[in-house]
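Trainee: Okay, handing you the structure first.
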Amino acid sequence: MIHTRNLTKVHRNGGVERKILQNVNVDIEAGDFVGLLGPSGSGKSTLVNMFGLIELPTSGELLFMGHDITRLKERQRVNLRRGSIGFVFQDFGLIEELSVFENIELPLQYLGYKRKDRVMKVNSILEQMSVSHLKGFFPKHLTGLQKQLVALARAVVIDPSVILADEPTGCLNSNEGSSFMEVLYSLHEKGTTIVMATHSAYEAQKTQRVVQLYDGHIITDSIKGDL
Amino acid sequence: MYSLLNVLGLAIGVTMSLFVLLLVKYELNFDKSFSDSQRIYRYTTKGVLGNNFINSASSPMPLASFVSKYDEVEEVVFMIPGANNVVSNGAKQFNEDEFRFVPFNFFQVFDVPFIEGDSKTALVEPESIVLTKKVARKYFGDVKAMGQTINRAGIDYVITGVCEDLPSSTHFNFSFAASISTIDNILLKKGDSAYVKNWKSDWLYLNGYTYVKLKEGYDSGKYEVKLNQDKELALQEQVAGMLNSEIDIDEIELNFYLQAVTSIHLSSHLSGELSVNSKPIYVKLFVFIAVFILLTTCVNFINLTTAKSHRRFKEVGVRQLIGATRRQLGFQFLTEAVVYSFGATFFGLVLLELLLPFLNSYFHLNLEFSLLSGWLDFFWVLLLVVVVGILSGSFPAMFYAGLKPEQVMVGNYQVKKIGITIRGLLVCCQVAVSMFLLIVVAGMWWQIQFVKNNDPGFAYDKVMVIERGNAVGEKFDLFKEEVNQLSGVELVSACSSMPGDDYFHGTFKIESGGGEKVVMVPLNYVEEDYLELLNVTLKNGRFFDKKNDSLGIIINSTAVEEYALKKPLNQTIEVLGNKNWALSVVGVVKDFHFESYYADIRPLALVLLGKKMRFDYILVKLDDDYTNSDLGKIEDVWSKHSDGDPFVWSMMKSRLDKLYDEDKRIVKIISVFAILALFMTIMGIVALATFMMEYKARPIGIKKLLGAPRQSVILQVLSAFSVYVFVGVVIAFIPAFIALKAWIASYSYYSFIHLYYFPLLALPVLGLAFISVFYQTYQMASNGPIES
């Protein structure tokens, strides 16, 4: 599903160059649950951004669902992204002015779903996430876990090919974090592909496969049980 | 709360710009209420008579019958304004100065809707009259006026029609339109039929106003040329006869020019205008103010919307990540702005509806706004909503839609420096316009104060002016004697014209520089004590002595200079065409402003009022200790000698002030908008400061972490935007100077505001700018590094 070959990302600021990722080679297949593990500055968020078609590599190759990302125009990348990638952020990324229902409905609007279908899909996902009772609430009235579940619901509602989660438990306490991870497992068990960036080895261990990054290099890539 | 403030700012801006646009519409729509206004013209008279230039809104009566023969002319109307006189319906009597004598076809040209009567036949018969609705109610209350009679100067007029009041946006007004055939009866009271014939056929007597409605498709320019060629023949006979071939005929030349009625209000400033007209510069200024307020409102909206941009960065990023395209984001922000604009316009309209009566009364205006009754108004408001929405929404839309998702993902919310520069330049323009308006307004008030306080060359303080003095007629001497004995009274006199009036012009033959000249001189018939009462300075000779000076004349210094009179005293000045009237100069007075400060001081002739001569005003000089009861006693004497005519009086000072009412009214309006513009500019500065503080929050936080003192932080923020404020202030100076020069050019006598006031006026602007942002800056500088 996602394949990289010698993926390199360099940030240039004035005359100074900083290598964020160097020669990253990784293959993620449909149904994988991959944990990107690494300390702050290791390049995992940049890698997630590139998987999410947000940033482009400086050199190397990135294939997303068979498309060479470096050859796509921005508009093509947006079209590809909006139907196939769900995002979950550390700080939830909910729009404060919209209710829970409206937050989840938003990507469906951008995809051009009719109102009737949107309502049906949103209600269904709310039920699936066990947060139906929150649909009229606004983000500021929710707990951290509830917010992240709503964010996850918004990511899942479009039936994405992959969910990219960047430190999704970073703003949750340990109990909430565990609960959220349970939901991710159950999604994975149903066949959803998930890539999760984390600095926590504990959480990474709970994924199916851990790719460990350090200073922009992949230092290990191991299936569960290898670590 | 922040959004509410933003919408409120937008609403106030929309209200004010709508108000100014209404004002512009009002100014531009003068005389357009008549169906064929585009085909109606007024004749103006331009010419030379000896040394005098004639440039008048009025024209002679024979012109009307002369032009009626042309194919181009559909209708011609000659209107004679009646003098201020008493009109009565039994015991109800009032002084009226809006009495007009008009021909029967008057309402075919000026189609004022009729409430009663037939507009085509109402004025066919002599001594028939049409009243306006307001006047009909004034004299007859709820009783039907049609068919009843009113009396003026001993003539009973039958009311044959009642029409709607004329819109205030008309260059002339009337309360009474009487049939012009009545004037024969009036003139016959003063002279014989030859006198009437002469009065009506005199080409050199500009005794009324000629209007013409041209047929459709005719070129007014070609017609005007043809008329001026043809009229020579008609004029030549009279001119030659008048001059008795003593003086070359070339010295008298009259030309008649067409003036579109719709252009009179803004561009006509001739002698004998029927109302005080406006100036095109005011319309330009109003349009400028309206556009400025609207743009400022939009700029403030942009700055305030994007000032707290970090709050929306995340939202924009999230929307982009879940699939929003740039176009969708742009559309979203544009839609938001249009919705805001719609809400603000709605508030603005409600506000305008509520404020309009107050604004009308404060500015002495008569503006009307009807959103629902006129599709055109509705269309313009709708257009305004869209324009404001697009103007104010396009920048935020581009701003947010232009963000890249990776900026959001990596938390890089930094605004580019170009964004700050653009905002700064916009605020710089706001400051410049505010400063411009402030200087212009200050300069205008400076001139208004000058005309108010400058010595016109005569004492007008505590001079009471009684209108229609002629009502006491031959009993004037008695009236004068009795009033002079009252406490509080210093002196009593009378005259035919007041300073600021349109003077009657006498035509004289005068020995000048070795030859004879024919001159037209403003002429005032005055009573013996007139010059003493007004404390006019005598330069040579003496004031009038009524026993010996029935053929005496007093002239002013300008007359002496202009006519090159080396020894003016005892010089003979002959009334043209009447050798029996050879007047002798008994005195020369120092120049005084017998006209407004708009006009140069011209030669002036003062002639002693004869026993049976008509005069319009009685002047009563009051002493410092006069009381209201003294005024009551003057009224008692008046009632005794005037057969109960209304006692209408005013102080000369307030009459003189009225000469500048139009300018004062406009300056008042511009002042209010200058203050409003300043307020909006301050809002813009606050928005810019807010934005800059957001922009600089991170580096300031770091500096504070490193121990930067509060004052250094304050200085950094203030200096960042002060450059825009300073530049704005400075670039306003030259345009303000030019605009003021253009405005003040309408005055012949003026005082230009001292140039050092320009930078002085900048002080309050700079002060307000700094005060308004200091609190925010101080708060930011006082915050801890983490909060920053």
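Trainee: Inspect all residues belonging to the stretch B:48-68 and state whether any of them is surrounded by fewer than 16 Cβ atoms within 10 Å (Cβ to Cβ), assigned by TED's automatic domain parsing to the domain that holds B:Trp199 and over 30 Å from B:Glu516 (Cα atoms).
Mentor: yes
Trainee: Still on this structure, I have one more. Of everything in the stretch A:77-89, what is basic (Lys, Arg) and more than 8 Å from every other protein chain (Cβ to nearest Cβ)? Give them in sequence order.
Mentor: Within the stretch A:77-89, just A:Arg77 meets the criteria.
Trainee: Give the residue, chosen from B:Leu274, B:Leu334, that is over 37 Å from the mean Cα position of the chain (by Cα) and more than 14 Å from chain A (Cβ to nearest Cβ).
Mentor: B:Leu334
Let's see how each residue does on (1) modelled with pLDDT under 90; (2) under 28 Å from the mean Cα position of the chain (by Cα); (3) part of a loop (DSSP other than H, G, I, E, B):
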site	(1), (2), (3)
B:Ala136	no, no, no
B:Ile150	no, no, no
B:Val158	no, no, no
B:Leu166	no, yes, yes
B:Thr182	no, no, no
B:Ala194	yes, no, no
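Trainee: With the stretch A:1-58 as the region, which strands (runs of 3 or more DSSP E) entirely inside it contain at least 1 residues that are within 28 Å of A:Arg75 (Cβ to Cβ) and within 14 Å of chain B (Cβ to nearest Cβ)?
Mentor: It comes to A:2-13, A:16-28.
Trainee: Could you grab me the full set of residues in the stretch B:551-568 that are within 25 Å of B:Pro499 (Cβ to Cβ) and loosely packed, with under 14 Cβ neighbours inside 10 Å?
Mentor: Listed by number, the list holds a single entry, B:Glu561.
Trainee: Let me ask you something else. What number of residues in the stretch A:59-76 are within 14 Å of chain B (Cβ to nearest Cβ), touching a helix residue (DSSP H, G or I) at 6+ places or on another chain (Cβ under 9 Å) and of a type in the set (D, E, K, R)?
Mentor: 2
Trainee: Does B:Gly541 qualify as being in the same structural domain as B:Pro603 (by TED's automatic domain parsing) and surrounded by 18 or more Cβ atoms within 10 Å (Cβ to Cβ)?
Mentor: No, not satisfied.
Trainee: Run down A:Phe101, A:Phe92 and say which single residue is at positive phi and either surrounded by fewer than 22 Cβ atoms within 10 Å (Cβ to Cβ) or within 13 Å of chain B (Cβ to nearest Cβ) (or both).
Mentor: Exactly one of A:Phe101, A:Phe92 is at positive phi and either surrounded by fewer than 22 Cβ atoms within 10 Å (Cβ to Cβ) or within 13 Å of chain B (Cβ to nearest Cβ) (or both), namely A:Phe92.
Trainee: To continue, here is another question. Scan the stretch B:79-134 residue by residue and report those that are in a helix (DSSP H, G or I) and touching a Cys at 6+ places or on another chain (Cβ under 9 Å).
Mentor: B:Phe107, B:Lys133 - these are the residues of the stretch B:79-134 that are in a helix (DSSP H, G or I) and touching a Cys at 6+ places or on another chain (Cβ under 9 Å).
Trainee: Quick one: A:Thr192 ticks every box in (1) within 22 Å of A:Asp221 (Cβ to Cβ); (2) in contact with a Pro (Cβ under 8 Å, 6 or more places away or on another chain); (3) within 14 Å of another protein chain (Cβ to nearest Cβ) bar one, so which box is it?
Mentor: Going through the list (1) within 22 Å of A:Asp221 (Cβ to Cβ); (2) in contact with a Pro (Cβ under 8 Å, 6 or more places away or on another chain); (3) within 14 Å of another protein chain (Cβ to nearest Cβ), A:Thr192 breaks only (3).
Trainee: Scan B:Ser751, B:Ser788 and give me the residue that is out of contact with any strand residue (DSSP E or B) (no Cβ under 8 Å at 6 or more places or on another chain), small (Gly, Ala, Ser) and either at pLDDT 90 or above or within 16 Å of B:Ala674 (Cα to Cα) (or both).
Mentor: Answer to the check: B:Ser751.
Trainee: Can you work out which of the residues in the stretch A:157-189 that are among the aliphatic types (A, V, I, L, M) and over 22 Å from A:Met50 (Cβ atoms) is surrounded by the most Cβ atoms within 10 Å (Cβ to Cβ)?
Mentor: So, considering only residues that are among the aliphatic types (A, V, I, L, M) and over 22 Å from A:Met50 (Cβ atoms), the one surrounded by the most Cβ atoms within 10 Å (Cβ to Cβ) is A:Val157.
Trainee: Additional query: May I ask you to verify whether B:Lys32 is of a type in the set (Lys, Arg), within 25 Å of the chain's Cα centre (by Cα) and surrounded by fewer than 19 Cβ atoms within 10 Å (Cβ to Cβ)?
Mentor: Spelling it out, B:Lys32 is indeed of a type in the set (Lys, Arg), within 25 Å of the chain's Cα centre (by Cα) and surrounded by fewer than 19 Cβ atoms within 10 Å (Cβ to Cβ).
Trainee: Within the stretch B:621-669, work out how many residues are acidic (Asp, Glu), assigned to a helix (DSSP H, G or I) and farther than 30 Å from B:Lys279 by Cβ.
Mentor: Counting residues in the stretch B:621-669 that are acidic (Asp, Glu), assigned to a helix (DSSP H, G or I) and farther than 30 Å from B:Lys279 by Cβ gives 3.
Trainee: Follow-up question, since we're still on this one. Taking the stretch B:108-123 as the region of interest, how many residues are among the hydrophobic types (A, V, I, L, M, F, W, C) and more than 19 Å from B:Gly147 (Cα to Cα)?
Mentor: Summing the residues that are among the hydrophobic types (A, V, I, L, M, F, W, C) and more than 19 Å from B:Gly147 (Cα to Cα) in the stretch B:108-123 gives 3.
Trainee: A further question follows. Residues of the stretch B:755-773 being without any contact (Cβ under 8 Å) to a residue 60 or more places away in the chain, aromatic (Phe, Trp, Tyr) and surrounded by 11 or more Cβ atoms within 10 Å (Cβ to Cβ), which ones?
Mentor: B:Phe770
Trainee: (1) part of a helix (DSSP H, G or I); (2) over 20 Å from B:Asn228 (Cα atoms): which one isn't true of B:Phe30, the others all being true?
Mentor: B:Phe30 satisfies all of (1) part of a helix (DSSP H, G or I); (2) over 20 Å from B:Asn228 (Cα atoms) except (1).
Trainee: Residues that are touching a strand residue (DSSP E or B) at 6+ places or on another chain (Cβ under 8 Å) and not small (Gly, Ala, Ser): does the stretch B:426-447 have at least one?
Mentor: No - not one qualifying residue is present in the stretch B:426-447.
Trainee: Please state which one of B:Leu329, B:Leu351 is among the hydrophobic types (A, V, I, L, M, F, W, C) and within 14 Å of chain A (Cβ to nearest Cβ).
Mentor: On inspection, the qualifying residue turns out to be B:Leu329.
Trainee: Being hydrophobic (A, V, I, L, M, F, W, C), in contact with a helix residue (DSSP H, G or I) (Cβ under 8 Å, 6 or more places away or on another chain), under 25 Å from B:Lys509 (Cβ atoms) and assigned to a strand (DSSP E or B) is the filter here; which residues of the stretch B:526-555 pass it?
Mentor: The one that is hydrophobic (A, V, I, L, M, F, W, C), in contact with a helix residue (DSSP H, G or I) (Cβ under 8 Å, 6 or more places away or on another chain), under 25 Å from B:Lys509 (Cβ atoms) and assigned to a strand (DSSP E or B): B:Ile554.
Trainee: Here's a follow-up. Could we say that B:Glu527 is in contact (Cβ under 8 Å) with a residue 60 or more places away in the chain and either acidic (Asp, Glu) or touching a Pro at 6+ places or on another chain (Cβ under 9 Å) (or both) here?
Mentor: Judged against the criteria, B:Glu527 is a match.
Trainee: Criterion first (under 23 Å from A:Gly38 (Cβ atoms) and buried (at least 21 other Cβ atoms within 10 Å of the Cβ)) does A:Ala197 satisfy it?
Mentor: yes
Trainee: Same structure, new question: Name every residue in the stretch A:112-148 that is loosely packed, with under 15 Cβ neighbours inside 10 Å and within 14 Å of chain B (Cβ to nearest Cβ), in order of residue number.
Mentor: If the condition is that a residue be loosely packed, with under 15 Cβ neighbours inside 10 Å and within 14 Å of chain B (Cβ to nearest Cβ), then A:Gly112, A:Lys140 are the ones that fit.
Trainee: Evaluate the stretch B:200-223: report whether one residue or more is over 30 Å from B:Leu166 (Cα atoms) and modelled with pLDDT under 80.
Mentor: Within the stretch B:200-223, one or more residues are over 30 Å from B:Leu166 (Cα atoms) and modelled with pLDDT under 80.
Trainee: Exactly one of (1) at positive phi; (2) without any contact (Cβ under 8 Å) to a residue 24 or more places away in the chain is unmet by A:Lys114. Its number?
Mentor: Against the list (1) at positive phi; (2) without any contact (Cβ under 8 Å) to a residue 24 or more places away in the chain, A:Lys114 comes up short only on (1).
Listed here are the residues, each with its yes/no results for (1) more than 14 Å from chain B (Cβ to nearest Cβ); (2) assigned to a strand (DSSP E or B).
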| position | (1), (2) |
| --- | --- |
| A:Val150 | no, no |
| A:Ala153 | no, no |
| A:Ile163 | no, yes |
| A:Cys171 | no, no |
| A:Ser178 | yes, no |
| A:Tyr185 | yes, no |
| A:Met196 | yes, yes |
| A:Lys206 | yes, no |
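The values are calculated or read from the model by the stated rules, or taken from the named source; none is laboratory data. Being a predicted model, the structure only gives us computed values, none of them experimental. Note that we place each Cβ from the backbone using ideal geometry, even for glycine, and neighbour counts take in every protein chain shown.
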